[in-house]
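The values are calculated or read from the model by the stated rules, or taken from the named source; none is laboratory data. What you are looking at is a predicted structure, and each value in this text was computed from that prediction instead of being measured. Please note: Cβ atoms are built from the backbone with ideal geometry, for glycine as well, and neighbour counts cover all protein chains shown.
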Amino acid sequence: MEETDKHIEHKSKSSASKAETVIHIKGLKKSFGSKIVLKNINLDVTRGENVVVLGKSGQGKSVAIQCIVGMLTPDHGSLTVFGDEVTDMNERQLKELRIKIGFLFQGGALYDSMTVRENLEFPLTRVLKLKDQDEIDQRVEEVLDGVGLLDAIDKMPSDLSGGMRKRVGLARTLIVKPEIMLYDEPTTGLDPITSREISELILEMQKKYKTTSIIITHDMECARITADRMVVMNEGEFVAEGSFEELKKSKEQFVRSFFN
Amino acid sequence: MAEQAIPGWKKWLEASGDQVTFLSGFFRNLFRGGFEWSEFVRQCYEIGYKSFMLVGTTAFIMGLVLALQLRPTLVGFGALSMLPKTLAVSIVREIGPVITAIICAGKIASGIGAELGSMKVTEQIDAMEVSGANPVQYLVVTRVLATTFMVPLLTLLGDVLGLIGGFLAINITSHVSALLYFNKCIASIGFVDLLPAFIKTIFFGFIIGFIGCYKGYNSNRGTESVGLAANSAVVTASLWIFVVDAIVVQISSLLFYH
Ligand SMILES: Nc1ncnc2c1ncn2[C@@H]1O[C@H](COP(=O)(O)OP(=O)(O)OP(=O)(O)O)[C@@H](O)[C@H]1O
Ligand SMILES: [Mg+2]
């Protein structure tokens, strides 16, 4: 498809071309009680792009992506996904949107009363409403193989290590082949080798399915591998934007400090 | 802090509003297609199986103790032959349903509260919702229906074991044939005893599941809120059980016992 070409062109220029904007955030504000978390967030993500978000802990990165799927309602500002305002959606529209968005939780969020297999079947049977058991089995095994955990298929989440849980969580999100992926620290707490594998998996998803992604991470190796563009969040705002190399050479000490 | 300045009654009103919203969410999802049968059956099994020994033992002891306590009083009136009837009516009308419900509140409501509370804290409920699945339908509807269905059955079990306990107590001091005892019991329980009691247990079951789910589903972030959810599920459910008991007894005495 021509979109691939567009994407490559876009990537090389690393600037907003004519490519379709998938996520559009403008003037987003969110506070909890008297605590202001998001002050003024502006971000456009085009189709097939991987945007990496950097930022210190507790700055509101997770809050920002939770707004995108309608888990949290922003106080102010506009947030459109595929051109539709998320806050105006009714229950059904929101559900349809959520099917198109994959969300990887920081802690994996595995359903701990179900085995790994049941965890992965859950979105297939409950969301995509698949009936054919052969197809379900095949997709479960394929995606588990992708994260290298095929032999853990009948284990309970409590029997898995932290890193394994995270990979199963990733598999459960990828299994529905979402158009947009929101990764909340996909590699945190993993060893360098697994981290690298996960980062490459993210890249592969982008290549194979033209997934649009927002990746929150503290892992610079992951950022280097996956990022088309990076933004830095500080005190509820994006304070810097650019490619990995650009930000690495940023004039601002604060931005550079992430790279050490 | 701003939150602490909110007066108590306002918080209470807010909580009531939340409960009504949760209740309407339950009913909306109840009649939506795609009922989770296997999860419902699993919950029924878990709830019934886990409580069945506890309810049985407690009810048995209650029946036994009740008979032992009633006996001297009835002997004083020269009405010892009334013992089976007195036992049967008090167990079926009041003691069976309420004891079973209170025990289930302690066991089941707290269990549901803790389970959903920890699912909330570890973002499992969020994950379900964000994936486009329906956590209310999968988690709440199944559990509330399971308790509504199982608590009446457990009460039935409690009633029977309570009566058996009573029989044993009578047999400690005098010899009565089991056939005679149970015939007397059954003969003395009428429709007006059974129906209100049965309706009551349905409400009790609903309260136990609903309060457990509500407290768990709406617990805060942070691990300590899991314990809090379990705790307040038991307290709130027990309170509601007594309130509903009082109301049902009032209504049924107006309707039937005059
Ligand atoms: N549901 C919520 N209710 C109240 N406060 C919240 C909620 N979610 C987040 N916060 C607060 O918002 C702030 C930002 O949290 P957030 O989880 O977005 O940080 P983060 O940037 O993702 O940090 P980390 O890198 O540690 O994950 C924190 O102070 C947190 O306490
Ligand atoms: Mg976070």
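Restricting region A:106-149 to residues that are part of a loop (DSSP other than H, G, I, E, B) and under 19 Å from the mean Cα position of the chain (by Cα) leaves a set whose member that is nearest to the other protein chains (Cβ to nearest Cβ) is A:109.
Note on region A:27-54: residues that are part of a strand (DSSP E or B), more than 15 Å from the chain's Cα centre (by Cα), away from ligand 2 (no atom under 16 Å from the Cβ) and on the phi < 0 side of the Ramachandran plot total 7.
To keep it simple, each residue is scored yes or no on (1) farther than 22 Å from residue B:221 by Cβ; (2) modelled with pLDDT under 90; (3) away from ligand 1 (no atom under 16 Å from the Cβ).
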site	(1), (2), (3)
A:67	no, no, no
A:91	yes, yes, yes
A:97	yes, no, yes
A:128	yes, no, yes
A:144	yes, no, yes
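Restricting A:73, A:80, A:87 to residues that are over 14 Å from the mean Cα position of the chain (by Cα), more than 16 Å from ligand 2 (Cβ to nearest atom), of a type in the set (Val, Ile, Thr) and under 27 Å from residue A:204 (Cα atoms) narrows the list to A:80. Taking strands (runs of 3 or more DSSP E) as the structural unit, those lying wholly within region A:176-260 and holding at least 2 residues that are acidic (Asp, Glu) and away from ligand 2 (no atom under 16 Å from the Cβ) correspond to A:237-242.
Within region A:51-65, the residues that satisfy the criterion of being under 14 Å from residue A:41 (Cα atoms) and more than 6 Å from ligand 1 (Cβ to nearest atom) are A:53, A:54, A:64, A:65.
Among the residues of region A:61-75, how many are assigned to a loop (DSSP other than H, G, I, E, B) and within 19 Å of residue A:229 (Cα to Cα)?
0
Taken together, the residues in region B:33-74 that are under 20 Å from residue B:110 (Cα atoms), over 17 Å from the mean Cα position of the chain (by Cα) and not basic (Lys, Arg) amount to 3.
Can you pull out the residues in region B:121-138 that are of a type in the set (S, T, N, Q) and at the interface with chain A (Cβ under 7 Å from one of its Cβ atoms)?
Answer for region B:121-138, where residues must be of a type in the set (S, T, N, Q) and at the interface with chain A (Cβ under 7 Å from one of its Cβ atoms): B:122, B:124, B:131.
The C-beta contact set for region A:55-73 (first residue over 15 Å from residue A:182 (Cβ atoms) and within 14 Å of chain B (Cβ to nearest Cβ), second residue within 9 Å of ligand 2 (Cβ to nearest atom) and of a type in the set (Phe, Trp, Tyr), distance under 9 angstrom, 6+ apart or interchain) is empty. Is it the case that region A:220-229 has a residue that's out of contact with any strand residue (DSSP E or B) (no Cβ under 9 Å at 6 or more places or on another chain), at pLDDT below 90 and over 19 Å from residue A:45 (Cα atoms)? Looking through region A:220-229, none of the residues is out of contact with any strand residue (DSSP E or B) (no Cβ under 9 Å at 6 or more places or on another chain), at pLDDT below 90 and over 19 Å from residue A:45 (Cα atoms). Residues that are in contact (Cβ under 8 Å) with a residue 40 or more places away in the chain and either hydrophobic (A, V, I, L, M, F, W, C) or at the interface with another protein chain (Cβ under 9 Å from one of its Cβ atoms) (or both) within region A:80-105 comprise A:81, A:82, A:99, A:100, A:101, A:102, A:103, A:104, A:105, listed in sequence order.
From B:154, B:116, B:54, which residue is away from chain A (no Cβ under 14 Å) and crowded, with 18+ Cβ neighbours inside 10 Å?
B:154
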